[in-house]
Amino acid sequence: TSRTNRGEVVTTFGSAQGLSWSGRGGSGSVSLKVVGDPEPLTGSYKAMFQQLMGVREVLTSKIEELGSELKEHHKIEAFTPLLVPAQEPVILLGQIGCDSNGKLNSKSVILEGDQEHSYGAQIPVDLSELKEYSLFPGQVVIMEGFNTTGRRLTATKLYEGVPLPFYQPTEEEGASEQTMVVVACGPYTTSDSITYDPLLDLIAIINRDQPDVCILFGPFLDAKHEQVENCKLTSPFEDVFKQCLRTVIEGTRSSGSHLVFVPSLRDVHHEPVYPQPPFTFSELSREDKKRVQFVSEPCSLSINGVMFGLTSTDLLFHIGAEEIFSSSGTSDRFSRVLKHILTQRSYYPLYPPHEDMAIDYENFYTYAQLPVTPDVFIVPSELRYFVKVGLNWLFFQRHRNLTFSFRLPGTCSNWVY
């Protein structure tokens, strides 16, 4: 409550001249469309019923699908089974794993093959001849090297992954005017209270600037908050959350801004399974239903034809903590991790997942894959905030309790605050 940096601009990106820092609120035409492959997650499902064979089938399908795309892109004739000895260089398809329960390192890398060529066999990998690499558990790769005994691969080349194509909006979705989007992430309370003072500050900004769209990430009632962990709340979690929603929806009604709510696995009242279904709130009025949208975690959302990749899971920290790399020059860890997300075509390509993650893999395969390469990718993290451009897409990594606003005048790379 003693914070003094409210409204401080901590980073900027790009520049634009002559544009006012305000949106049109409800007066502008905004097209919001959730995109999924084959369809987005819209409701709850029964979790904790998956079997090991089902998980294995999902992982195998991922290896085979990405392997097929890589094979076609790099014009590879055929893959060699992992355990077949060969005196000539071989090309192997598989998934990166660790040979023990410890953290992955350059001496513990194994390659787990697909079912079609290698029947799921595993082989240790020697990386000493590979000068540049970036690997993490669960990553699907193609490796070229020598496997003279059939019991160890000496890798000499690593084939890069291939991102999906960008989203092609329809004529109705394309923005004819600039679009202002405000993005904020919970927790919306201070660490020493549940009074939601930061949320009230945010509502004041929304009413002042009247953005066209406001995307709000959870947690709205943080499971890691001291008063939640110590059971000091006098009301049920669900009631506190509903009151928080009412505060946002009613408090921004005059602005007319479209509100998009993205849940978090740290929302103590909500289903803690990944992928996470949208919130449900039956108390919306007919007027509010036109401007309030609840989406799943993760979610691919088109705003006037610009595709946003949205996730409240700190995958940047999860993958970065497990990644190993070698580079002959300077290498940026954040850029490497972000490239993995695109080339692995998944909102959470790490396997095994972080200990905080409860993943239902059958639904993960359906609802947590990237349907297209997003124009803008936004993820909250405990790591330092930054904005990056890579592979013609814009990435926002924002620290919790920071708010970014940005304009989209036909493209996704103009102003960022």
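I need the phi-derived Karplus couplings for segment 159-173: 6.51 cos²θ - 1.76 cosθ + 1.60, θ = phi - 60°, integer Hz, Gly and Pro marked x.
8, 6, x, 10, x, 6, x, 6, 6, 10, x, 7, 4, 5, 7
Considering amide H positions built from the backbone, and no H for Pro or chain starts, which residues 5 or more places from D126, or on another chain, come under 5 Å of its amide H?
Those qualifying (amide H under 5 Å, at least 5 residues apart or on another chain) are L153, T154, A155.
Mind checking the dipole of the chain: about its Cα centre, +1 per Lys or Arg Cβ, -1 per Asp or Glu Cβ, Debye to the nearest 20?
For the chain, the charge dipole is close to 820 debye.
Quick check: from the Cα gyration tensor, does segment 71-201 come out rounded (a/c under 1.5), prolate or oblate?
In terms of gyration-tensor shape, oblate.
Only helices at least 20 Å long along their own axis, judged from Cα atoms, and with Kyte-Doolittle mean hydropathy of -0.5 or greater: name those in the chain from DSSP H.
Flagged H segments are 52-73, 237-251.
Could you sort S335, S15, S193 by their accessible area in this structure, using a 1.4 Å probe and putting the largest first?
Descending order: S15, S335, S193.
In terms of modelled amide H atoms, which long-range or inter-chain residues lie less than 5 Å from the amide H of S346?
L370
If you plug each phi of segment 225-230 into the Karplus form 6.51 cos²θ - 1.76 cosθ + 1.60 with θ = phi - 60°, what whole-Hz ³J(HN,Hα) values come out, in order, with x for Gly and Pro?
5, 4, 6, 6, 5, 9
Using a Förster radius of 51 Å, what is the FRET efficiency between K46 and S328 based on their Cβ-Cβ separation? Nearest 0.05, please.
0.55
In terms of modelled amide H atoms, which long-range or inter-chain residues lie less than 5 Å from the amide H of E297?
Q276
Each residue of segment 38-47 in order: what ³J(HN,Hα) in whole Hz does its phi give by Karplus 6.51 cos²θ - 1.76 cosθ + 1.60, θ = phi - 60°, with x for Gly and Pro?
The phi angles translate into x, 8, x, 7, 10, x, 6, 8, 7, 9 Hz.
Using the structure shown, select from K242/K339; K131/K339; K289/K388; K46/K71 the pairs with a Cα to Cα distance greater than 29 angstrom.
Check vs 29 Å cut-off fails for K242/K339; K289/K388; K46/K71.
When ligands, DNA and RNA are left out and all protein chains stay put, how many square angstrom of accessible area per residue does segment 1-95 have with a 1.4 Å probe?
On a per-residue basis, 66 Å².
The values are calculated or read from the model by the stated rules, or taken from the named source; none is laboratory data. For clarity, every value in this text was computed on a predicted model and none was experimentally measured. Using ideal geometry, Cβ is built from the backbone for each residue, glycine included, and neighbour counts are taken over all protein chains shown. Quick note on the areas: whole protein, heavy atoms, side chains included, nothing else; ligands and nucleic acids left out. Shrake-Rupley method; radii C 1.70, N 1.55, O 1.52, S 1.80 Å.
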